[in-house]
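Before any comments, here is the structure.
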Amino acid sequence: MKTTERVFSRYQVFIIAILALLQFTVVLDFMVLSPLGEILLGKLHITTRQFGLVVSAYAFSAGISGVLAAGFADKFDRKKMMLVFYSGFIIGTFLCALAPTYGFLLAARVITGLFGGVISAIGMAIIADLFKPEVRGRVMGFVQMAFALSQIIGVPMGWELANRINWHAPFWMIGTFGTIMGIIMAVYMKPVTAHLQQKVERNAFVHLKNTLQNRHYSLAFCTTILLSTGGFMLMPFGSTFSRHNMGLAQSDITILYMATGVATFIGAPILGRLSDKLGKMKVFLGATLLTSIMVVIFTNLGITPLYMAIAINALMMIGVFGRIIPAQAIMTSLPSVQDRGAFMSVNSSVQQISGGIASIVAGLIVYQTSSGVLLHYEILGYVILGAFAFTAVMMHYLNKQVQRQTAPVVAPDEVAIAS
């Protein structure tokens, strides 16, 4: 009887699961602000610009911490690094749960970002250390299921808790679940130290400087700036737009998040497998075309029935992940082993800072009338289209660069034999 070889060992499956669930809490902590935006605008008596600042405060602090951590990222056991930063993230989340005022919440988001912004980078470095390039698309697909899980379970539950109890409740939920995950990681995850066997610049600041000045990484950093534009522009005001422009009820928004999450949950691993099988660049370009079409449709919506809202949002999110998964898989193949932690940290910082700027710009473009309707939302869609076009070109050249780096070197005598 023929047996099929396992793609992943049991421990690798555990690592994928733990990284996905850690990512789930980090993503949920950010995403829950989208539905809470509708509540916070009224409860804290703030404007769309002030709410945009709450979102960007996390992004900017995450960006700063990523740069500061980059010099040390390759000098320690990655498990210990993850535990330190994840613990700080949980503390920041509990502070959000305790926030009585807008100012306190803003400060709590800064603290959460200082620690939470590095977690994804450490996770990407662990994936690059433990998984071969030819299966990383699948790994990324499974890890990105965390985003879908946050939509299926986390965001709807947070939305219901906020409406039934208060807006602090979702943060208590995230903090409690995150504490449990942190304990499981501390007990069962093995140290990740293979990178310590490579020669690394001892001085952390020199290591950071060398990473920033490495011309092979410049294109990746520039590409990341535009990759994060869409989500940071659309998501903060998504629930407000759905309520007041699309005419959905509060209960409809819960169903919308869950249905969109189910579609993404199913689609993410399929997209990861397709990236490995068909080619990461092909999937990225196809997903970019799909997302562009759906963004234009979504940002120009008026009163919309729930079934149509679900279909549009589901297709748009599948397109978004069809871009994220192959892009991340390509990025992990770029840095050398001794630079992985630093590269991922800097890249995460670039993503967070550019996302924070995008969030502020979105808050300046969008205007909420006294009736709650958002004006100029469609302008965000056209700005995102421009970013998509530039990103596609840059990702093409980045993929070519990675292919050149990973291409096998053929010896002269082998060429002569082949000829």
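Inside region 10-56, can you point out the residues that are farther than 30 Å from residue 82 by Cα, of a type in the set (A, V, I, L, M) and open to solvent by 10 Å² or more (accessible area, probe 1.4 Å)?
We begin by selecting, within region 10-56, every residue farther than 30 Å from residue 82 by Cα; these are 38-50.
Cutting the leftovers down to of a type in the set (A, V, I, L, M) gives us 39-41, 44, 46.
Selection gives 39, 41, 44, 46.
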task = Look at residue 324 and say whether it is open to solvent by 20 Å² or more (accessible area, probe 1.4 Å), in contact with a Gly (Cβ under 6 Å, 6 or more places away or on another chain) and among the aliphatic types (A, V, I, L, M).
result = no
query = Looking only at region 105-115, which residues are touching a Gly at 6+ places or on another chain (Cβ under 7 Å) and either crowded, with 24+ Cβ neighbours inside 10 Å or of a type in the set (Phe, Trp, Tyr) (or both)?
reply = 112, 115
query = Can you pull out the residues in region 265-278 that are open to solvent by less than 80 Å² (accessible area, probe 1.4 Å) and either at pLDDT 85 or above or within 15 Å of residue 328 (Cβ to Cβ) (or both)?
reply = 268, 269, 271, 272, 274, 275, 276
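Every residue, every condition in (1) aliphatic (A, V, I, L, M); (2) part of a helix (DSSP H, G or I), yes or no:
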{"site": "293", "(1), (2)": "yes, yes"}
{"site": "303", "(1), (2)": "yes, no"}
{"site": "314", "(1), (2)": "yes, yes"}
{"site": "321", "(1), (2)": "no, yes"}
{"site": "325", "(1), (2)": "yes, yes"}
inquiry  = Could you go through region 242-249 and let me know if any residue there is over 26 Å from residue 357 (Cβ atoms), open to solvent by less than 30 Å² (accessible area, probe 1.4 Å), part of a helix (DSSP H, G or I) and polar (S, T, N, Q).
reply    = no
query = So which residues in region 333-357 are surrounded by fewer than 24 Cβ atoms within 10 Å (Cβ to Cβ), assigned to a helix (DSSP H, G or I) and either in contact with a Lys or Arg (Cβ under 7 Å, 6 or more places away or on another chain) or among the hydroxyl-bearing types (Ser, Thr, Tyr) (or both)?
reply = 338, 354
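Before we move on, is residue 85 in a helix (DSSP H, G or I), open to solvent by 10 Å² or more (accessible area, probe 1.4 Å) and at pLDDT 85 or above?
On the way: in a helix (DSSP H, G or I): yes; open to solvent by 10 Å² or more (accessible area, probe 1.4 Å): yes; at pLDDT 85 or above: yes.
Criteria met by residue 85.
Going through region 80-103 one residue at a time, which ones are touching a Leu at 6+ places or on another chain (Cβ under 8 Å) and either under 19 Å from residue 169 (Cα atoms) or among the small types (Gly, Ala, Ser) (or both)? Break it down into steps so the answer makes sense when it comes.
Just the residues of region 80-103 that are touching a Leu at 6+ places or on another chain (Cβ under 8 Å), to begin with: 82, 86, 88, 92, 96, 99, 101-102.
Hits for region 80-103 are 88, 92, 96, 99, 101, 102.
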Within region 132-168, tally of residues that are crowded, with 19+ Cβ neighbours inside 10 Å, outside any helix (DSSP H, G or I) and at pLDDT 80 or above = 1
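The values are calculated or read from the model by the stated rules, or taken from the named source; none is laboratory data. All values derive from a computational prediction rather than experimental measurement. Don't worry about glycine lacking a Cβ; one is built from the backbone with ideal geometry, like all the others, and counts go over all protein chains shown. Each accessible area value is taken on the protein alone, full model and side chains, heavy atoms only, with ligands, DNA and RNA left out. Shrake-Rupley method; radii C 1.70, N 1.55, O 1.52, S 1.80 Å.
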